[in-house]
Structure formats: structure tokens, C-alpha cells
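Undergrad: Structure incoming, see below.
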Amino acid sequence: VQTITSRHRISERYLRVLFAREGTSFTDFVRNERLARAARLLADPLHSGRRISDIAYDSGFADLSYFNRAFRAQFD
């Protein structure tokens with residue numbers, strides 16, 4: 001959040017308001033972007049030999065258990 005607010009010269013509060021207007025939060029946005037990246041990599045034949053855990057870590061998830069729960073919740 002700090003990096004983005006500094007780069008765009010806005011307050012953290014204003015950033016949170018912008019996301020709230022869209023019915024989400026910054027944290028949810030980042031998680032969804034990471035999940036989308038992981039889903040693209042998992043579906044890509046070029047990455048078929050990679051382990052799911054490696055794709056999860058490369059997509060920004062530090063906790064594989066959390067990734068599994070979030071991925072199932074997002075993509076059923």
C-alpha cells in the first residue's frame with residue numbers, strides 16, 4: 001500500500017476508499033491477481049511439468065495451505 005500511495009501521491013485512506021467503491025479491498029485485489037496468475041500458469045502447457053507449490057510461490061503466495069484454500073474458494 002505504501003509503495004502505491006507514494007508512487008501516485010495519494011493517501012492510504014483515499015486508496016482504500018477507491019477500492020471500497022468497487023466493493024473490494026486492496027488485499028482482496030492483490031490476492032485475486034495472484035490467483036489469476038497462478039490459474040494462467042497452471043493452465044499453460046509450457047508449465048505442465050512444474051509443481052503446483054512452485055507456481056503458488058512464484059505467484060506471490062508464501063503459504064501453500066493458504067494458496068490451496070484461496071484457489072479452491074476462487075475457482076471451486
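The values are calculated or read from the model by the stated rules, or taken from the named source; none is laboratory data. Since the structure is predicted, the reported quantities are computational estimates derived from the model, not experimental observations. Positions of Cβ are generated from backbone atoms using ideal geometry, with glycine treated the same way; all protein chains shown enter the neighbour counts. The area values use the complete protein model at the heavy-atom level, side chains included, leaving out ligands, DNA and RNA. Shrake-Rupley method; radii C 1.70, N 1.55, O 1.52, S 1.80 Å.
Undergrad: What pairs come up if the first residue lies in the range 9-34 and is farther than 24 Å from A62 by Cα and outside any helix (DSSP H, G or I), the second is open to solvent by less than 90 Å² (accessible area, probe 1.4 Å) and not aliphatic (A, V, I, L, M), and their beta carbons are under 7 Å apart, counting only those six or more places apart or on different chains?
TA: Final answer for the pair search is S11/T5.
Undergrad: Ok, one more. Looking only at the range 1-30, count every residue that is under 23 Å from Y66 (Cβ atoms) and either touching an Asp or Glu at 6+ places or on another chain (Cβ under 6 Å) or loosely packed, with under 10 Cβ neighbours inside 10 Å (or both) and tell me the total. Steps first, please.
TA: Here is the first cut: in the range 1-30, the ones under 23 Å from Y66 (Cβ atoms) are 1-4, 16, 19, 23-30.
Keeping just the survivors that are either touching an Asp or Glu at 6+ places or on another chain (Cβ under 6 Å) or loosely packed, with under 10 Cβ neighbours inside 10 Å (or both) gives 1-3, 23.
Total satisfying the criteria: 4.
Undergrad: Then there's this: Is it true that R9 is on the phi > 0 side of the Ramachandran plot and either among the hydroxyl-bearing types (S, T, Y) or over 18 Å from the mean Cα position of the chain (by Cα) (or both)?
TA: yes
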